[in-house]
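The values are calculated or read from the model by the stated rules, or taken from the named source; none is laboratory data. On a predicted model such as this, the values are computed, not experimentally measured, just so you know. Cβ: placed from backbone, ideal geometry, glycine included. Neighbour counts: every protein chain shown.
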Amino acid sequence: MELAHYSDFAVRLVNTEEPARNKDALTSVEVLRELFGPATQMARRVTEADLPRFRTVRARLRAVFAAADEGDHTGAVDLLNSLLLEFPVSPQISGHDTLDEEGRPRWHMHLADHSSNATTGYAAISAMGLAFHLTEFGADRLGLCQAPPCRNAYLDTSTNRSRRYCSDRCATRANVAAYRARKRLEAERTGLTEDTSQESTTPGER
């Protein structure tokens, strides 16, 4: 489903915040405009008033990912449905002036933006894109990074539904941490075994 790519809008917005580190990247109009990517016409409508509105939408989108990550798929759908009701979209057929090998327009579905402000438009396409992704691939394909303190959102597109981290960097960091934890545990067990062995030795044997 081609419209599923709009789900990237949701991921980009959610990942502007790092709750565990108390960091928030939504600090200026310029940052908001960058979220729109190639949708420059929508981005031009961003104003200072959109900053708090974007943060509110971000919290609601993160709640969708959090519910899905915890296995509460019904809860995730309910949260997403509330966004879809509040921020409806207008699907349209578009060719974007691109032609196929035979010179015909490459027709595809496009989510048109007729919203009253930039936040409403962004929320609408984010929610719809996430809805298409969820219904096409499953709610368990929405997750939050398992490498603490990172809790970035991600969309699992792996063939075996095995993704647990938002990036290769976080996956590597988690693997290194797990390896070091195993080594510490082995060292503690070795030390405990040696202590037990010494205690079991009789005084005359020492």
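Do we have Glu48 as part of a loop (DSSP other than H, G, I, E, B), surrounded by fewer than 11 Cβ atoms within 10 Å (Cβ to Cβ) and at pLDDT below 95 here?
So Glu48 does not fit the description; no.
Within the stretch 3-41, how many residues are of a type outside the set (Asp, Glu) and assigned to a helix (DSSP H, G or I)? If you could, list the steps in order and put the result at the bottom.
So the first thing to find is which residues in the stretch 3-41 are of a type outside the set (Asp, Glu), and the list is 3-7, 9-16, 19-23, 25-29, 31-33, 35-41.
Next, from what is left, pick out any that are assigned to a helix (DSSP H, G or I): 3-7, 9-14, 19-21, 29, 31-33, 35, 40-41.
Residues meeting the conditions: 21.
Residue by residue, here is whether (1) modelled with pLDDT of 85 or more; (2) surrounded by 10 or more Cβ atoms within 10 Å (Cβ to Cβ) holds:
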{"site": "Arg106", "(1), (2)": "no, yes"}
{"site": "Ala118", "(1), (2)": "yes, yes"}
{"site": "Gly129", "(1), (2)": "yes, yes"}
{"site": "Ala139", "(1), (2)": "yes, yes"}
{"site": "Cys150", "(1), (2)": "yes, yes"}
{"site": "Thr172", "(1), (2)": "yes, yes"}
{"site": "Ser197", "(1), (2)": "no, no"}
